[in-house]
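First the structure, in the form of structure tokens, and then the observations on it.
The values are calculated or read from the model by the stated rules, or taken from the named source; none is laboratory data. Just so you know, these numbers come straight off a predicted model, no measurement behind them. Don't worry about glycine lacking a Cβ; one is built from the backbone with ideal geometry, like all the others, and counts go over all protein chains shown. SASA here: full protein model, heavy atoms, side chains in, ligands and nucleic acids out. Shrake-Rupley method; radii C 1.70, N 1.55, O 1.52, S 1.80 Å.
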Amino acid sequence: QVQLVESGGGLVQAGGSLRLSCAASGIFVSINDMGWYRQAPGKQRELVATITSGGTTNCADSVKGRFTISRDSAKNTVYLQMNSLKPEDTAVYYCNAGIILGLLRAGDYWGQGTQVTVSS
């Protein structure tokens with residue numbers, strides 16, 4: 001039983017900032033890659049940013065320079081710092097993690113999603 005619990009979403013004005021958090025809980029051996037995805041109204045889910053267990057990051061061009069992904073391995077938590085938010089960033093943001101459950105057993109887990117709304 002593994003869960004990803006997200007927090008930090010909400011309503012913010014354009015140009016403002018939000019920090020999303022996603023913590024993994026349950027019984028597992030370790031966490032590999034973690035990432036954030038988003039799905040805007042009428043669009044498919046897209047990759048926002050990822051971070052490996054070693055700290056290597058990757059961000060989508062649409063958010064590069066504005067968003068920063070980080071993680072705290074001791075807390076099994078990944079963060080997404082979002083600055084200079086635009087109305088186009090409005091979407092449901094989903095946390096994702098590759099989790100090692102045991103010997104030769106792994107799973108891909110998703111959070112429930114958190115709404116981020118950026119007003120003009």
Taking the range 1-16 as the region of interest, how many residues are open to solvent by 30 Å² or more (accessible area, probe 1.4 Å) and outside any strand (DSSP E or B)? 5
Out of LYS75, LYS43, LYS86, report the one residue that is open to solvent by 40 Å² or more (accessible area, probe 1.4 Å) and farther than 20 Å from THR117 by Cβ. LYS75
From the set of residues in the range 17-40 that are polar (S, T, N, Q) and under 27 Å from ARG105 (Cβ atoms), which is surrounded by the most Cβ atoms within 10 Å (Cβ to Cβ)? SER21
Checking the structure you have, find out if any residue of the range 24-42 is among the polar types (S, T, N, Q) and in a loop (DSSP other than H, G, I, E, B). no
Read through the list (1) open to solvent by 40 Å² or more (accessible area, probe 1.4 Å); (2) assigned to a loop (DSSP other than H, G, I, E, B), then give the number of the only condition that VAL63 fails. (1)
Of the residues THR114, THR56, only one is of a type in the set (Val, Ile, Thr), within 30 Å of ILE27 (Cβ to Cβ) and open to solvent by 40 Å² or more (accessible area, probe 1.4 Å); which? THR56
Would you point out which residue out of ALA74, ALA49, ALA106 is small (Gly, Ala, Ser), free of Cβ contacts under 8 Å to residues at least 40 places away in the same chain, over 14 Å from ARG19 (Cα atoms) and not in a loop (DSSP other than H, G, I, E, B)? ALA74
